[in-house]
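Before any comments, here is the structure.
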Amino acid sequence: MSSTHQAGGREPARPFLSDIQELRRRAREHIAQGAVTPGYQADRGTVVNLLNEALATEIVCILRYKRHYFMAKGIHAQSVAAEFLQHANEEQAHADEISQRIVQLGGAPNLSPEGMLSRSHSEYVEGESLLDMIKEDLVAERVAIDSYREMIEYVGTNDPTTRRMLEGILATEEEHAEDLSTLLAELDK
Ligand SMILES: [Fe+2]
Ligand SMILES: [Fe+2]
C-alpha cells in the first residue's frame, strides 16, 4: 500500500465526498432542474444574467468583425480580413458555448436584437480605415478581457464549469488582442 498520503499525520480520515446516500438522495430532488443540483453553490439568476451580457458582447463582436471583414480594403486587406473572419468565427463559438451553459443552468439565452447593444460590454464601431478597424477591435477585446476576468472572479469556486468555460474564452480573447496589436505594429511600420 502507498505510504505517501499521510502528510497530515494525526488528523482523522475525512471522506473526500459527501455521504454517498446523501448525494443520491439530493440528485433525486428537483430532477427537472437538470444539471443544476442542490449542491450548486452560485447564485444561478446572477450567473445567467452575467452570461447573457457576455452573450450580447460576443454577438456585437461577431457583427463588428464581420463588417470589418467585408469592408477591409487596401494593400494589407487580405491578411487582415482573414484575421477578422477568424475572430468572428471564434466569437461565434463563444456565443454558442455561453448559450449552451445558460440553458444548462435553467435559463434562456437572450438573442433578441432589441437592446443587444446596451446589454453588450463592447461597442460596435465601424471604423473608416483598416487601421481604425483594427484599433476598434483591439479596444473591444480589451473590454472583453476585463469583463471576463471580473466574471471569473465573481464566480470564484462556486460554479467550476462556468468558470472553466469563462477561463477558456478569456484565453482566446487575449490571443485576439495579441493578434490585433501585432497587426497594428506591422501596419504602423
Ligand atoms: Fe469572444
Ligand atoms: Fe475576441
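Go through the range 155-164 and count every residue that is part of a helix (DSSP H, G or I), crowded, with 17+ Cβ neighbours inside 10 Å and either within 16 Å of ligand 2 (Cβ to nearest atom) or not β-branched (Val, Ile, Thr) (or both). Explain how you work it out, then say what you get.
Initial filter on the range 155-164 (part of a helix (DSSP H, G or I)): 155, 160-164.
Okay, now just the ones that are also crowded, with 17+ Cβ neighbours inside 10 Å, so 155, 162-163.
Now drop any that are not either within 16 Å of ligand 2 (Cβ to nearest atom) or not β-branched (Val, Ile, Thr) (or both), which leaves 163.
Matching residues across the range 155-164 total 1.
Within the range 104-117, identify whether any single residue is part of a loop (DSSP other than H, G, I, E, B) and within 16 Å of ligand 2 (Cβ to nearest atom), and answer yes or no.
Looking for residues that are part of a loop (DSSP other than H, G, I, E, B) and within 16 Å of ligand 2 (Cβ to nearest atom), one finds none in the range 104-117, hence no.
Filter the range 74-85 for residues that are out of contact with any Phe, Trp or Tyr (no Cβ under 8 Å at 6 or more places or on another chain) and modelled with pLDDT of 95 or more; which is nearest to ligand 1 (Cβ to nearest atom)? Spell out the reasoning first.
Residues of the range 74-85 that are out of contact with any Phe, Trp or Tyr (no Cβ under 8 Å at 6 or more places or on another chain), as a first pass: 74-80, 82-83.
This time we only want the ones that are modelled with pLDDT of 95 or more, so: 80, 82-83.
Working: Val80: 18, Ala82: 18, Glu83: 14 Å.
By that ranking, first place goes to Glu83.
Part of a helix (DSSP H, G or I) and either within 16 Å of ligand 2 (Cβ to nearest atom) or hydroxyl-bearing (Ser, Thr, Tyr) (or both): which single residue out of Leu183, Leu131 fits that description?
Numbers: Leu131 fails: either within 16 Å of ligand 2 (Cβ to nearest atom) or hydroxyl-bearing (Ser, Thr, Tyr) (or both).
Going through Leu183, Leu131 in turn, the sole match is Leu183.
So Phe16 fits all but one of (1) under 30 Å from the mean Cα position of the chain (by Cα); (2) modelled with pLDDT under 75; what number is the exception?
Only one criterion in (1) under 30 Å from the mean Cα position of the chain (by Cα); (2) modelled with pLDDT under 75 is unmet by Phe16, namely (1).
Which condition number does Arg26 fail, the rest of (1) in contact with a Leu (Cβ under 9 Å, 6 or more places away or on another chain); (2) modelled with pLDDT under 90 being met?
Against the list (1) in contact with a Leu (Cβ under 9 Å, 6 or more places away or on another chain); (2) modelled with pLDDT under 90, Arg26 comes up short only on (1).
If you take the residues of the range 31-81 that are of a type in the set (Ser, Thr, Tyr) and part of a helix (DSSP H, G or I), which of them is farthest from Val143 (Cα to Cα)? Walk me through it before giving the result.
Filtering the range 31-81 for residues of a type in the set (Ser, Thr, Tyr) gives 37, 40, 46, 57, 65, 69, 79.
Narrowing further to those that are part of a helix (DSSP H, G or I): 46, 57, 65, 69, 79.
On the way: Thr46: 20, Thr57: 10, Tyr65: 15, Tyr69: 20, Ser79: 24 Å.
Applying the filter and picking the extreme gives Ser79.
Looking at the range 86-130 only, could you name the residues that are hydroxyl-bearing (Ser, Thr, Tyr), modelled with pLDDT under 95 and within 14 Å of ligand 1 (Cβ to nearest atom)?
Scanning the range 86-130 gives Ser120, Ser122.
Go through the range 63-88 residue by residue and tally those that are crowded, with 19+ Cβ neighbours inside 10 Å, among the β-branched types (Val, Ile, Thr) and either free of Cβ contacts under 8 Å to residues at least 40 places away in the same chain or within 12 Å of ligand 2 (Cβ to nearest atom) (or both).
0
Can you tell which of Glu91, Glu174, Glu167 is in a helix (DSSP H, G or I), under 12 Å from the mean Cα position of the chain (by Cα) and either surrounded by 17 or more Cβ atoms within 10 Å (Cβ to Cβ) or on the phi > 0 side of the Ramachandran plot (or both)?
Glu91
Mind checking whether some residue in the range 177-186 is within 24 Å of Thr46 (Cβ to Cβ), surrounded by 15 or more Cβ atoms within 10 Å (Cβ to Cβ) and either modelled with pLDDT under 95 or within 12 Å of ligand 1 (Cβ to nearest atom) (or both)?
Taking the range 177-186 first, the residues within 24 Å of Thr46 (Cβ to Cβ) are none.
Among the residues of the range 177-186, not one is within 24 Å of Thr46 (Cβ to Cβ), surrounded by 15 or more Cβ atoms within 10 Å (Cβ to Cβ) and either modelled with pLDDT under 95 or within 12 Å of ligand 1 (Cβ to nearest atom) (or both), which makes the answer no.
The values are calculated or read from the model by the stated rules, or taken from the named source; none is laboratory data. Just so it is clear, the model here is predicted, and its values are computed rather than measured. Cβ: placed from backbone, ideal geometry, glycine included. Neighbour counts: every protein chain shown.
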